[in-house]
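Notes follow the structure.
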Amino acid sequence: MLHKQLSLASTLLALGGSRISVVSAAPVEFDPDAPRFSCEDASSSPASPLRLIGVDTSLSATTILLDPIGNVGAPSADGDVESGVTDTTAKGRMCVLSRWTAPLWEKTDGEGFYYPLGRSVAGVPGESSSGGLDGDWNRPPGQASWQLSYTCGEAAFNGTNFVEGEYLCEVTLPMTSKPDIKDPSIIYAIAVPYYLTYYERTLSLRNELSRFLHLTTFGPKVAELDAL
């Protein structure tokens, strides 16, 4: 087949097919050779996208494994940072999977945008009708929800990047290349980069008090906040 490189971001994202998210109660037979990624690697720089090296959907669909948000970015549960005990129930933390809507070299030129493909949010369970676990990967609203299916559960066996019993989520990213309309034997190879981005929402004590006064009074005053 003849492979060509398209240069326009507008040629992307015309993928169809309705999918659902699945949370499995039974052990899951994950792809044993799929690459595994976690927002742990991106948490040191919140809101800074971390590129997923080696993920290529230019000529075929690609399956990847994702860790749920878990204790990534979670504060210490007992106030002792050195203890290593974290509060995994702490909310305000989120990991987002996205892709750029143009090839990487066009991203450098300022073309395209981040297109969300999924998210793992502390305190938000999976969307399975049987009930997912806290932080399971979910589909975002919009077109991406038609294209993807997240399966979360415990691994049924050992794999290259996981061991039996580990809790993971799996998703297959659809091929981003497209055939020529007039000649389907010609495939336009569209290689786009994928990213994980960690976000956290934190409020200072002063801001928390200000929010409380907004809800319970006619609004906070600087003197009142200083007094508290």
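Can you tell me which residue is farthest from Tyr150 (Cα to Cα) among those in the stretch 28-37 that are of a type outside the set (Val, Ile, Thr) and open to solvent by less than 20 Å² (accessible area, probe 1.4 Å)?
Just the residues of the stretch 28-37 that are of a type outside the set (Val, Ile, Thr), to begin with: 29-37.
Retained after the next criterion (residues that are open to solvent by less than 20 Å² (accessible area, probe 1.4 Å)): 30, 34.
Numbers: Phe30: 11, Ala34: 14 Å.
Looking at the filtered set, the residue picked out is Ala34.
For the stretch 155-169, which residues satisfy the criterion of being farther than 12 Å from Pro35 by Cα and open to solvent by 60 Å² or more (accessible area, probe 1.4 Å)?
Once the filter is applied, which keeps residues that are farther than 12 Å from Pro35 by Cα and open to solvent by 60 Å² or more (accessible area, probe 1.4 Å), the stretch 155-169 yields Phe157, Asn158, Val163, Glu164, Tyr167.
As an exercise: evaluate Gly132 against (1) out of contact with any Leu (no Cβ under 7 Å at 6 or more places or on another chain); (2) within 20 Å of Thr63 (Cα to Cα) and give the number of the one condition it does not meet.
(2)
Starting from the stretch 51-64, take each residue that is within 17 Å of Leu117 (Cα to Cα) and list its partners that are small (Gly, Ala, Ser) and modelled with pLDDT of 95 or more, counting only C-beta distances under 6 angstrom and pairs at least six apart or across chains.
Sorted first by the residue in the stretch 51-64, then by its partner, the pairs are Thr63/Ala34; Ile64/Ala34.
Would you check which residues across the stretch 114-139 are open to solvent by 70 Å² or more (accessible area, probe 1.4 Å) and free of Cβ contacts under 8 Å to residues at least 40 places away in the same chain and list them? Don't jump to the end; show me each part of the working.
Of the residues in the stretch 114-139, the ones open to solvent by 70 Å² or more (accessible area, probe 1.4 Å) are 114, 119, 127, 129-130, 133-134.
Within the stretch 114-139, Arg119, Ser129 meet the criteria.
Which members of the stretch 49-86 meet the condition of being at negative phi, at pLDDT 90 or above and out of contact with any Asp or Glu (no Cβ under 8 Å at 6 or more places or on another chain)?
Taking the stretch 49-86 first, the residues at negative phi are 49-53, 55-69, 71-72, 74-78, 80-83, 85-86.
This time we only want the ones that are at pLDDT 90 or above, so: 49-53, 55-58, 60-69.
Within the stretch 49-86, Pro49, Arg51, Leu52, Ile53, Val55, Asp56, Thr57, Ser58, Ser60, Ala61, Ile69 meet the criteria.
Condition first: in a loop (DSSP other than H, G, I, E, B) and modelled with pLDDT of 95 or more. Can you find one or more residues in the stretch 167-190 that meet it? Spell out how you get there, then give the answer.
Restricting attention to the stretch 167-190, the residues satisfying the condition of being in a loop (DSSP other than H, G, I, E, B) are 174-177, 180-185, 189-190.
Remaining after also requiring modelled with pLDDT of 95 or more: none.
So far as the stretch 167-190 goes, no, none of its residues is in a loop (DSSP other than H, G, I, E, B) and modelled with pLDDT of 95 or more.
What are the pairs, 6+ residues apart or on separate chains, where a residue within the stretch 177-198 that is open to solvent by 30 Å² or more (accessible area, probe 1.4 Å) has its Cβ under 8 Å from a residue that is in a loop (DSSP other than H, G, I, E, B) and among the hydroxyl-bearing types (Ser, Thr, Tyr)?
Pro179/Ser185; Tyr188/Ser177; Ala191/Thr57; Ala191/Ser58; Ala191/Thr176
Collect the residues in the stretch 139-163 that are outside any strand (DSSP E or B) and either in contact with a Phe, Trp or Tyr (Cβ under 8 Å, 6 or more places away or on another chain) or modelled with pLDDT of 95 or more (or both), keeping them in residue-number order.
Step one: of the stretch 139-163, the residues outside any strand (DSSP E or B) are 139-149, 156-163.
Matches in the stretch 139-163: Arg139, Ala144, Ala156, Phe157, Asn158, Gly159, Thr160, Asn161, Phe162, Val163.
The values are calculated or read from the model by the stated rules, or taken from the named source; none is laboratory data. For clarity, every value in this text was computed on a predicted model and none was experimentally measured. Here Cβ is always computed from backbone atoms with ideal geometry, including for glycine, and neighbour counts include all displayed protein chains. Just the protein is used for accessible areas: all its heavy atoms, side chains included, with ligands, DNA and RNA removed. Shrake-Rupley method; radii C 1.70, N 1.55, O 1.52, S 1.80 Å.
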